[in-house]
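Student: Take this structure first; my questions come after.
The values are calculated or read from the model by the stated rules, or taken from the named source; none is laboratory data. Keep in mind that this is a model prediction, so the values were computed, not measured. Backbone-built Cβ (ideal geometry, glycine too); neighbour counts: all protein chains shown. Protein only, heavy atoms only, side chains kept; ligands, DNA and RNA dropped before computing areas. Shrake-Rupley method; radii C 1.70, N 1.55, O 1.52, S 1.80 Å.
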Amino acid sequence: MNTILRKSILGVAGLAFTGGVFAGPVAAHAADTTHTKPVSVSVQGDKLIPHGVQGEQSRIDLNDEQTKNVKAIIAATKKAGMDERAAVVSIATALQESKLENLGHLGDRNDHDSQGLFQQRPSSGWGTVEQITDPEYSTTAFLKGLKQVDGWQDMPLTKAAQTVQVSAYPDHYAQWEQQAADLVAQHWNS
């Protein structure tokens, strides 16, 4: 097998495995999560949640750092020339991956090098540690991946996020769609 193909396969396998390994540290935040039934959205409808939410929704209270990260994701989305839906997908992904906390290396709780808001890995080509722990850079990297997903605008959020992230738990992104849409509605024009 040629070296490039082997590295690509190992990178994808590593991302998939990381999603499973990372589920442990995220569970530490589970006590702060509340679940609500799916709600129909009328005001946000077509643009922010074009297909409605899938399954039960989770919600966490955000501190100042997490709110700052939401604003950084929105700013990077605008800078990339993408719309509110891209911001919703990005924020929901970061909610699942890090609860919007810019995580450094998790040591014994994570034997991989996943870091930042999106739990990206330097060893998988996402950038250096310094880059992926910069909210603007990591969001831009995520959005670059999202742009490469044909038809992402018309996909359910969890499928679009999963195609970029390659998580071992692909359906977990869906639970954050309502909160992500609410955050985009609140901060897009601020």
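Student: If ligands, DNA and RNA are left out, what is the accessible area of M155 with a 1.4 Å probe, given in Å² to the nearest 10?
Tutor: Solvent-accessible area, nearest 10 Å²: 30 Å².
Student: Additional query: Which peptide among 125-138, 56-69, 174-187 comes first, and what is the full order, when sorted by highest mean count of other Cβ atoms within 10 Å?
Tutor: Working: 125-138: 18.1, 56-69: 15.1, 174-187: 22.9.
Top of the packing list down: 174-187, 125-138, 56-69.
Student: Would you please give the residues with an amide H less than 5 Å from that of G116, counting only those at least 5 places away or on a separate chain, with H modeled from the backbone geometry?
Tutor: Those qualifying (amide H under 5 Å, at least 5 residues apart or on another chain) are L103, G104.
Student: Right, another one. What full-extension length gain, to one decimal in nm, is calculated for D154 and A75 as 0.36 nm per residue of separation minus the Cα-Cα distance?
Tutor: 26.2 nm
Student: Output the peptides 72-79, 83-90 sorted from most to least packed, where packing is the average of other Cβ atoms within 10 Å over each peptide's residues. Show your work: numbers first, answer last.
Tutor: Numbers: 72-79: 20.6, 83-90: 24.9.
Descending packing order for the listed peptides: 83-90, 72-79.
Student: Another one. Could you sort 114-124, 160-170 so that the peptide with the highest average Cβ count within 10 Å comes first and the rest follow in order? Display every interim value, and only then the final one.
Tutor: Details: 114-124: 23.8, 160-170: 20.7.
Packing order, densest peptide first, comes out as 114-124, 160-170.
Student: Also, quick follow-up: Taking 7 Å along the Cα-to-C-beta vector as the label spot, tell me the S123-A168 distance in nanometres, rounded to one decimal.
Tutor: Spacing of the two 7 Å Cα→Cβ label points: 1.4 nm.
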